[in-house]
Every structure is written in C-alpha cells, then in structure tokens.
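Inspection log for the structure reproduced underneath, given as structure tokens.
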Amino acid sequence: MTTTTPPAGKTATKPPVTEPPAPLLERFRVPGAFLLGALLLLGIAPLVLSDFRLNLLAKYLCYAIVAVGVSLAWGRGGLLVLGQGVFFGLGGYAMAMHLKLADAAVTGETLPDFMRLYGTGDALPWWWKPFANPAFALAMTVLLPMAVAALLGFFVFRRRVRGAYFAILSQALAAAFAIWLVGQQATTGGTNGLTDIQGFFGYDLGDPVNQRMVYVIVAAVLLLLMAAARQLFVSRYGELLVAVRDSEERVRFLGYNPANVKLVAYVVAAGMAGLAGALFVPAVGIISPALIGIVPSIGFVIGAAVGGRASLLGAVVGAIAVAWTQSTLSDAYPAAWTYLQGLLFVVAVGFLPGGLASLVTVLRRKRHTHDPATEGAA
Amino acid sequence: MSGEGLTVRGLRVTFDGFTAVDGVDLDILPGDLRFLIGPNGAGKTTLVDAVTGLVRASGSVRFGGEELLGRPVHRVARLGIGRTFQTATVFEELTVLQNLDIAAGAGRGPLTMLRRRKGVPEEVTRALETTGLTALRDRPAGVLAHGQKQWLEIGMLLVKDVRLLLLDEPVAGMSHDEREATGRLLRRISGDRTVVVIEHDMDFMRSFARSVSVLHAGKVLSEGSVAEVQADARVQEVYLGRASEPEAQAAAVPVPEEA
C-alpha cells in the first residue's frame, strides 16, 4: 500500500474527495505485470517451447485457472474449497460429452465409442442429447458448476457451516461425484472417463497447430479471468469479502448477509473451475474420475497455498510451479510425489500462510527483528 | 433523527432451563443516553443480544413501530439498530477508511459493489471527523490503540445512520483520558440518536448517563436518573451497596414500576 499520509490534525476534506493519485511506478505496476504476463504466455512461450512442452503448459494453465478461483474463495473469502474437483469435473464432462458426440457424428455414428462397447441400449441417454448442441455444451461448462455451487452454498452458508466442516463437506462431495461417475460405466465411461477425444469444434486435435491454438485459448482465458479476479479483489465487494473472512459476525451486525457474500465468491470460483475443466479436455484429451476426485481436489488448492493464496499472482504461479514439479518428479519417483504434496501443503499452511508471495516480507521482518542495525534500511 | 424510542415488553430469554432475562420491560425515549448497569450475570448483554436478534427471545421489542423479535441479525441491523461488542471487533486487515466504507455500504447495489471505491463517501468523512480518526484513515485498523478501535466501531455505526446504538462496555480497558473522550463522543451522538450503554464503570456512568436502568437476576430492579437510582436501597444492596454512603440507605425510594 502506498499512501500519502495526510498531515495529522484536522484536514479539511471536501465531500467527494478522489484518492490522491498513486506514484507513477505504483500506478503502472499492475497493468505492467499483466502485460508482461501476456507477453510471456502468448508471445515468448509459443516461440521457445516445443509442441510437447507447450501442451504440458496448457495443462498447467488449466490448473492455474482453478487457482484463480481458489485465490478468490480461499485467499480472500477464507473458504477452504477442497472440492473444486467437482466443478472442474462438471465443466470437463460437459465439454467432453459434446466433443465425444461431435467425434461420433464425424464417423456417422449416433453414439460415442464407449457407449457402443458398454452401453445397454442403442439410444443416447436423454441427458446427453442437449450436449450435441455446441452452444448449450459451452454454456453448461460454466453454468452447471455455478448452479451446483449456488445450490450447495445456499444451504451450507445459510446453516453457517464453515472452517474445517466446510472443507470436509466439499471434499466429501468431490469423493461422491467421482464414485458416482465410476458407477455409471454405460453413460459416463466409468473409471476410464471420456477419452480419446479427436476434434475440437471441427479442428483436429491431432494436429500440432490446433494444439497450439488450444494453448493460446487457455492462456487468453487465464489472463482474462485474472483481470476479472483482480477487479473483484480491489472492488468494494473484495473489501467486504475480506471483512467476512476476518469477522463474519461483525459483518452481519452491519446489515449484510455474509452467506450471500460468501456465496458469490464460491459460485464464481466454481465457474472458473468449470471453465478450467472444459479447457483441460481439448488440451489433454481426457477427463476421468481420477482427475477430479479427492487427490486432485487437494492438488488444486496446494498450488495456491504454496504460491500465496491471498495473492492472485502468487496463486497462479504457485499452481503452475506445483503442477510442473509434479509432472517432473512423479515421472522419476511416482510414490514420493504424494508425500511431497502433503508436506508442501502442511508447510505452506502451517508456516507460511501467505505462501511464497509473502516470503520477501516475512524474511525482511525476521531480519529486522533479529538485527536491529538493519532497521529502516529497506 | 429518531422519532421513536425502544419499547421492550415482557422480554424473556432462556438457555437450557436457565432464565437469563426474566420479563424485562424497558422504555427508552428517543435521544436518551441510557446506561444499563447490574452485577455480572444480570442479563445485560443477553438483553442486547435479544434485541439485536442474536439469541431467541419471547415477549416484544419494538423500535420505530417495528417488532424486532424473530428477525435475523442482518435485518434488525437494517432497521437502523447497531451494536458493539465487549471486545472491539474491527476488520484488522482493512484500513480505517475501508472499515467505515463497508459499514456504510449495506444496501449498496451489485454494480456499486463490483466497482472500486472512488473517493470518500460523505457519511464516512463525517464519521471520521466525529470520532477524531481522520488522520488515521489509511492505517490498518489492526494497529489502532484500544480506544481508537472502540471509536472506530462507534464510527462504523454512525456511517449508516443508525438510530439506536447498543454499546457493550465501550470504555472497558480504556485510559482515563480515553474514557473522557468516549463520554463526550457519546454525548455528541445521542440526542440525534438513542444510545444504550452497558457499563460496569460507575464513575463513567455518573459522569455521562442521562438515565439508568439497573438489572439484577434478569429483571429490572430500578430505573430513573443517576441520582434516583443511586438513592434506591435495593440497588445499593445488590450492586452499589457494599461501598455506598450511609445517608442514602435511609431514603428508600420506591422503585417506579415500569411506565
């Protein structure tokens, strides 16, 4: 915060005072960082990375999109959303259902391949039918997770379920959703999920050029959502959300209904997770229960926790870094990763609640308390 | 401007068989600065909890012609009734200005909420001046001194044009100077508004109360001006008693039954 502190005493303030303009550097810090990020993601990354690496990055950026929502709901709103897999999955399945139907239509079939293998009848289940329409499917990737979150949040927040209870409840939901999907082999592909997706709205996903296009879409959506989240953070709503996180009772006595304040953050985060899931499908070519259950759901928040949940950039960079570490390490030591993941989470939440984004501040403060000579140096 | 006072009739609050508030009647006139005193466990805070919707109660509490009982906390608050707590609860990570802006904002439309705050709303400027926090407006509330936090809390009620303020031990833990400043602040803000103060500090009560209700074991024991209440033998017995002046004990003023 840069503040030109007003001189002590009575300063004559004219009623609609506009904030004093921030110093130049401060004013261009955020747009500058945003442009730098856009340049990195949309300009440099596609130039220097191989098709394979770029495709991996697209996958990480999908996790980063989830982290944007986590940063809003958990970082600002204090809602430990341990079940984002549900919303990621709803968005992913909505997209994958459409793409599977489109793939089948190309080869002149009416049913997706797995239904022909495992299906009981010849007819498409009624709830699959509307997903043949691309506009409907696209809308559902966001609206379905938001609707589920709204319904769940309405009851949960009104009943004043919070803290660990809320976290456990959302995690149980992720588990239940994954288990339900596994049980519906004939209509959801069961454990395998929806796999082997060939096309993306008429573009062949086997073609590296189209894969690059998917990457660009993912990166652009991430940047847009970061801009939207940033607006939410600095808005009056963002201030109110922090207030609810810090003292819900107090907010209630000011005449707000904190349940609604939390509901908005929860629903927006769910919509972002849904969109991330939808983009994950063309980027990776699969959506399955293993990608949305408890472990991935915890994974969604670890990146944000490590990077700094209250800081938008921290959460996004953390999500990308953790996802990158995971795929690098889990190739070499598949078993070790799970332990490391748990350790990271505990260490970040327990010892560095602000994540890596707060490391500089924390270290500076430490040094000052230990060594008074450096006080005032920074 | 409050054109109406607070009327409490037969208020009763029971927790698992224990009656914390036992048929309280109160009439607090508009513009009054009423002190609620009484020994620990007399039901003072519970009474305020009941009025503000925090605990379930039976009976009737009317303010401005509206029945308050049965409304959820945030709806009671929207009727222009604000309270503070024994421990100052301000939003420590937000600045003084943000605290006041949030307090002023209940009822803002979604579009306003989604925009960044531009400038300082007029009511916030006024509350900053009334509470003397203007110079501290960009400080995080967490670094304020104890007294300043209490004033910020009161400011957070003023910004939303609250007509009834219920303050729970606002001067607890304050220095002498802070008490004086708080007393003057309460004087300034009552008159236009109705102020009810729960207090243990007898000196503070004597200096600033316009009227006093004494609660004991969930009931109203005595009511009136500071002098009347102090002269009440029953009050002396349960509360002021042990340290009170002997000549007052003789004047057993009949307790005015609730008007």
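The values are calculated or read from the model by the stated rules, or taken from the named source; none is laboratory data. Small disclaimer: the values here were computed from a predicted structure and weren't measured. Positions of Cβ are generated from backbone atoms using ideal geometry, with glycine treated the same way; all protein chains shown enter the neighbour counts.
Brief remarks on what is shown
- Flag if B:Gly43 is at positive phi and surrounded by fewer than 22 Cβ atoms within 10 Å (Cβ to Cβ): no
- Residue tally, condition in a loop (DSSP other than H, G, I, E, B) and surrounded by fewer than 18 Cβ atoms within 10 Å (Cβ to Cβ), over region B:46-63: 2
- Among the candidates A:Leu138, A:Leu151, A:Leu143, residue that is surrounded by fewer than 14 Cβ atoms within 10 Å (Cβ to Cβ), part of a helix (DSSP H, G or I) and out of contact with any helix residue (DSSP H, G or I) (no Cβ under 6 Å at 6 or more places or on another chain): A:Leu151
- Single residue of A:Phe114, A:Phe177 found to be more than 23 Å from the chain's Cα centre (by Cα) and either touching a residue at least 40 places away in the same chain (Cβ under 8 Å) or not in a loop (DSSP other than H, G, I, E, B) (or both): A:Phe114
- Applying the set (1) under 20 Å from A:Ala323 (Cβ atoms); (2) free of Cβ contacts under 8 Å to residues at least 12 places away in the same chain; (3) among the β-branched types (Val, Ile, Thr) to A:Thr107 leaves exactly one unmet item: (1).
- Unique match (being loosely packed, with under 15 Cβ neighbours inside 10 Å, modelled with pLDDT of 85 or more and touching a helix residue (DSSP H, G or I) at 6+ places or on another chain (Cβ under 9 Å)) among A:Val281, A:Val347, A:Val301: A:Val347
- Test result for B:Glu122, charged (D, E, K, R) and within 21 Å of the chain's Cα centre (by Cα): no
- The residue list A:Ala270, A:Ala283 contains one member that is touching a residue at least 12 places away in the same chain (Cβ under 8 Å), closer than 26 Å to A:Leu344 by Cα and away from chain B (no Cβ under 14 Å), which is A:Ala270.
- Subset of region B:93-116 [facing chain A (nearest Cβ under 7 Å) and over 18 Å from A:Tyr256 (Cα atoms)]: B:Glu93, B:Arg116
- Matching residues in region B:73-110 - criterion: being farther than 24 Å from A:Arg76 by Cβ, of a type in the set (A, V, I, L, M) and surrounded by 24 or more Cβ atoms within 10 Å (Cβ to Cβ): B:Val76, B:Ile81
- Restricting region A:220-252 to residues that are small (Gly, Ala, Ser) and within 7 Å of chain B (Cβ to nearest Cβ), the residue that is nearest to A:Leu39 (Cα to Cα) is A:Ser235.
- Entry remark, region B:200-259: residues being of a type in the set (Ser, Thr, Tyr), farther than 21 Å from B:Ser190 by Cα and at pLDDT 85 or above number 1 in total.
- Residue check, A:Pro125 within 28 Å of A:Ala186 (Cα to Cα), in a loop (DSSP other than H, G, I, E, B) and touching a helix residue (DSSP H, G or I) at 6+ places or on another chain (Cβ under 6 Å): yes
- Any hit, region B:61-79, residues being of a type in the set (Val, Ile, Thr) and either more than 9 Å from every other protein chain (Cβ to nearest Cβ) or touching a Pro at 6+ places or on another chain (Cβ under 9 Å) (or both): yes
- Which numbered condition A:Gly206 fails, given (1) crowded, with 21+ Cβ neighbours inside 10 Å; (2) part of a loop (DSSP other than H, G, I, E, B): (1)
Okay, residues lined up against (1) part of a helix (DSSP H, G or I); (2) closer than 19 Å to A:Pro145 by Cα; (3) at pLDDT below 95; (4) aliphatic (A, V, I, L, M):
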{"site": "A:Ile217", "(1), (2), (3), (4)": "yes, no, no, yes"}
{"site": "A:Ala243", "(1), (2), (3), (4)": "yes, no, yes, yes"}
{"site": "A:Tyr256", "(1), (2), (3), (4)": "no, no, yes, no"}
{"site": "A:Tyr266", "(1), (2), (3), (4)": "yes, yes, no, no"}
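- Scan region A:36-53 for residues that are of a type in the set (Asp, Glu) and surrounded by 15 or more Cβ atoms within 10 Å (Cβ to Cβ) and the total you get is 0.
- Region A:253-266: number of residues that are at the interface with chain B (Cβ under 7 Å from one of its Cβ atoms) and surrounded by 22 or more Cβ atoms within 10 Å (Cβ to Cβ): 4
- Close Cβ contacts (under 7 Å, 6 or more residues apart or on different chains) running from residues in region A:87-103 that are farther than 14 Å from A:Met115 by Cβ to residues that are at pLDDT 95 or above and among the polar types (S, T, N, Q) comprise A:Gly91/A:Thr141; A:Ala94/A:Thr141; A:Met95/A:Thr141.
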